[in-house]
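The values are calculated or read from the model by the stated rules, or taken from the named source; none is laboratory data. Model, not experiment: these values are computed from the prediction. Cβ placement follows ideal geometry from the backbone for every residue including glycine, while neighbour counts extend to all protein chains displayed. Surface areas here come from the heavy atoms of the whole protein model, side chains and all, with no ligands, DNA or RNA. Shrake-Rupley method; radii C 1.70, N 1.55, O 1.52, S 1.80 Å.
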Amino acid sequence: MRHIAFALLTAATLAFSPAHAEDAKPFATGKTIDLTAVLKPPPAPDSVQTKAEIGEVLTIQVTRTPQMEALAQADAVEDVWRFADVMGPAFKTEALPVFSAFFDRIVATEGAVVDPAKDSWKRPRPHQASPLVKPVVKVSNSGAYPSGHTTVGTLMGIVLSNMVPEKRTEIMDRAWIYGWNRVIGGIHYRSDIDAGRIAGSVIAARIMEQQDFQTEFAAAKAELRKVLGL
């Protein structure tokens, strides 16, 4: 078994080195996973739900603390290293090249699947719907629904917790916070987050059936557990 794991690690390192992170190939796209056929459409701009959700964003806006704002800003990046506070000090990019390249593909998958759905629905962001909303994170004018950050956070959380089931609860709690910080940051509605959690779960279930995912997952998991001493 050790020889097999070493072979997988070696092959993955050669094929998916960090130098090619920006060219990471997604495991799926909007053509293979159509979220418009999975999720219900977002609430209409003039609906009672959207108005209530804008009210929630505005309430958070006047009650959030500087610490909450700082975490929302830190979580604005889309990468697995935001789970470092759960995974521990050994969880570093330089120590996990195979793992890192694998999660580059996970992040690329979110964009490839979610962006077509966002473009289809084109839901206005809270700050576009109300001039009273003042985001404290980088403003985006892409469609709000579903939340891409929440989708990738959920997707990363599921995959990471499958690698380290000993920390499943802590990992998924962190994934929940990662998504909710988009509402705290003023850039998403609650329903965007709810849809993102569904989307991330669906994507995870689908790509885990693929042979290329399974092969790279095994190599990344072996490397991670070795580095963490598990």
Any chance the range 48-69 includes a residue that's of a type in the set (A, V, I, L, M) and closer than 29 Å to LYS221 by Cβ?
-> no
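So, in the range 181-211, exactly how many residues are more than 21 Å from ALA52 (Cβ to Cβ), touching a residue at least 60 places away in the same chain (Cβ under 8 Å) and open to solvent by 20 Å² or more (accessible area, probe 1.4 Å)?
Final tally of qualifying residues: 3.
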Does any residue in the range 160-172 that is under 16 Å from GLU216 (Cα atoms) and open to solvent by less than 10 Å² (accessible area, probe 1.4 Å) come within less than 8 Å, Cβ to Cβ, of a residue that is among the aliphatic types (A, V, I, L, M) and outside any helix (DSSP H, G or I) six or more places away or on a different chain, and which pairs are these?
-> VAL164/LEU230
The lone condition ARG225 fails out of (1) surrounded by fewer than 19 Cβ atoms within 10 Å (Cβ to Cβ); (2) of a type in the set (D, E, K, R); (3) free of Cβ contacts under 8 Å to residues at least 60 places away in the same chain is (3)
Given (1) of a type outside the set (Asp, Glu); (2) part of a helix (DSSP H, G or I); (3) open to solvent by less than 40 Å² (accessible area, probe 1.4 Å), where does PRO116 come up short, assuming only one miss?
-> (3)
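Mind checking which residues of the range 41-76 are outside any helix (DSSP H, G or I) and over 30 Å from GLN214 (Cα atoms)?
Answer for the range 41-76, where residues must be outside any helix (DSSP H, G or I) and over 30 Å from GLN214 (Cα atoms): PRO41, PRO42, PRO43, ALA44, PRO45, ASP46, SER47, ARG64, THR65.
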Boolean, THR32 is farther than 27 Å from ALA222 by Cα, at pLDDT 50 or above and in a helix (DSSP H, G or I) | no
Out of TYR145, TYR178, which single residue is open to solvent by less than 50 Å² (accessible area, probe 1.4 Å), part of a helix (DSSP H, G or I) and in contact (Cβ under 8 Å) with a residue 60 or more places away in the chain?
-> TYR178
GLY55: touching a residue at least 60 places away in the same chain (Cβ under 8 Å) and over 22 Å from ASP173 (Cα atoms), yes or no?
-> no
Unmet criterion (only one of (1) on the phi > 0 side of the Ramachandran plot; (2) surrounded by 24 or more Cβ atoms within 10 Å (Cβ to Cβ)) for LYS122 = (2)
Is it the case that LEU39 is within 17 Å of VAL113 (Cβ to Cβ) and modelled with pLDDT of 95 or more?
-> yes
Could you tell me whether the range 88-107 includes any residue that is of a type in the set (Asp, Glu), touching a residue at least 24 places away in the same chain (Cβ under 8 Å), closer than 24 Å to THR29 by Cβ and not in a helix (DSSP H, G or I)?
-> no
Hey, SER140 hits all of (1) within 22 Å of VAL38 (Cα to Cα); (2) of a type outside the set (Phe, Trp, Tyr); (3) at pLDDT below 95 but one; which does it fall short on?
-> (1)
